[in-house]
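Student: Structure below; questions to follow.
The values are calculated or read from the model by the stated rules, or taken from the named source; none is laboratory data. From a predicted model like this one, the values you see are computed outputs, not experimental measurements. No Cβ is skipped: glycine too gets one built from the backbone with ideal geometry, and neighbour counts run over all protein chains shown. Quick note on the areas: whole protein, heavy atoms, side chains included, nothing else; ligands and nucleic acids left out. Shrake-Rupley method; radii C 1.70, N 1.55, O 1.52, S 1.80 Å.
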Amino acid sequence: MVLAGSRSELVLWAEPVVRSAMSSQREPLKPDPTLAEAGVRAAQGDREAFEIIHRRLSPGLRRLLSKRTSDQSLIEELVQRTWSGVWEAFSHGRYDPARAAVSTFVYAVASHVWLRHLRSVKKLDAASPDELSTGGMVEGPHDEASLSEALEVVRRAMDGRLSDLTEQERWVIRLAAEGATDRTIAERLKISPSTANQCKQSAMSKLARVLARLGFRPEPAERGSMERE
Amino acid sequence: MRDQRILDLVQMASEAEELEQSARLTFAHTPAETGMSWRRVGVLGALAAVLTMAFMVWPRAPIPGPPQVVMNRPKPVAPKAPEQVNTGPMLLAVFHQPDARCDCVVWEEGSFANRDVREIGRSELIEAAWKARCADSSNLMLVVALDGPRELLPTDEDSARVLAACLSIQSEECGAAASCYENASEFISPSVTMVAATLATTGK
């Protein structure tokens with residue numbers, strides 16, 4: 001269903017209809033601080049802010065880990081380890097809110113926790129390089145701060161806030177990252193496979209340049225950070 | 001190998017974005033407010049219980065009851081509640097012009113039939129909205145999936161436009177920053193679960 005109209009028209013009659021259409025509308029809740037605000041406070045050691053981050057991100061963290069393992073007790077243990085790592089990083093000043101969103105940082109800690117888990121169960125030794133090919137792409141010290149900074153750059157590039165990736169390049173590389181082949185991408189975007197490949201290469205070059213400007217070089221340094229068990 | 005590393009980073013960044021979006025599913029009071037509220041409920045509940053007990057055990061003269069009348073009535077038939085048709089999360093996509101004007105709105109039910117809205121990822125949201133797009137020249141697409149009691153969701157074109165307008169109000173200050181749209185939760189009942197994603201586009 002497509003509804004056309006200008007925003008100004010919509011705004012004019014928005015309020016009365018909101019009240020009738022949403023009959024149980026309550027007084028606006030006093031919102032929690034945004035994650036960004038909580039991240040800044042938590043980085044300064046504010047425990048209450050940390051609890052807000054913990055409360056708001058834990059469900060998503062469980063969902064992410066459940067994509068990698070179905071063992072619920074393991075998921076709970078990894079979630080606990082992640083939060084323990086996050087708190088430790090906050091306490092030791094290893095999180096800089098100016099460099100990465102707190103969600104990105106928590107994700108980076110979780111990916112390291114997952115990597116350590118994989119190591120502990122000897123998955124990495126058993127797997128061939130091609131079997132475990134995800135994660136830990138940053139050169140140099142593979143700490144959470146560096147990984148989160150690299151991920152933040154990519155996040156910004158992918159939602160158009162950074163780099164000159166075109167819309168088509170963002171689509172192509174997003175699909176490619178999900179494992180789609182050039183042919184599949186071409187079918188889904190109704191372009192030729194060669195165009196899909198060109199877009200992918202162009203997008204990757206641009207991303208590599210952006211990462212390089214920040215001192216990151218995507219080399220095969222670590223493996224398996226968020227790969228499924 | 002370098003290419004695979006970049007693709008891995010893109011995938012991880014996408015998951016980090018999903019993690020942030022999951023934080024918007026909770027429309028919670030601050031702990032202090034919640035604690036105060038429950039304390040009040042607890043005190044009122046305890047007071048009510050004490051009054052009830054006092055009323056039950058208070059000595060009073062026996063009151064003769066009314067004569068008992070037995071009537072044979074047909075067994076009442078409970079009215080059947082209208083069957084709720086839940087078609088799953090609702091998709092709402094708002095396409096913005098470069099000047100922040102709302103270009104057009106797509107409103108669909110059934111795009112995510114039988115899905116838990118919290119499991120819908122950013123790329124799924126954007127792909128669904130992109131397939132149904134109504135504008136080629138917009139520079140920002142805001143996509144929202146909503147689920148909850150049907151009476152709290154847009155039920156027709158008008159209420160869908162209203163919600164789109166409410167969300168659009170945020171766009172001038174939020175731009176493409178998806179997390180900023182959490183302010184829009186003021187327009188949505190806390191009983192409604194919402195996931196949102198944005199895609200900045202270059203237009204044609």
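Student: Which pairs turn up if I take residues in region A:145-167 that are in contact (Cβ under 8 Å) with a residue 12 or more places away in the chain and open to solvent by 30 Å² or more (accessible area, probe 1.4 Å) and look for partners that are hydrophobic (A, V, I, L, M, F, W, C) and in a helix (DSSP H, G or I) with beta carbon separation below 6 Å, at least 6 apart in sequence or on another chain?
Tutor: Once the first residue is in contact (Cβ under 8 Å) with a residue 12 or more places away in the chain and open to solvent by 30 Å² or more (accessible area, probe 1.4 Å) and sits in region A:145-167, its partners that are hydrophobic (A, V, I, L, M, F, W, C) and in a helix (DSSP H, G or I) give A:Ser163/A:Ala157; A:Ser163/A:Val210.
Residues checked against (1) facing chain B (nearest Cβ under 8 Å); (2) at pLDDT below 85:
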residue	(1), (2)
A:Arg155	yes, no
A:Asp159	yes, yes
A:Thr181	no, no
A:Ser194	no, no
A:Asn197	no, no
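Student: Any residue at all in region B:122-137 that's basic (Lys, Arg), at the interface with another protein chain (Cβ under 10 Å from one of its Cβ atoms) and touching a Gly at 6+ places or on another chain (Cβ under 8 Å)?
Tutor: no
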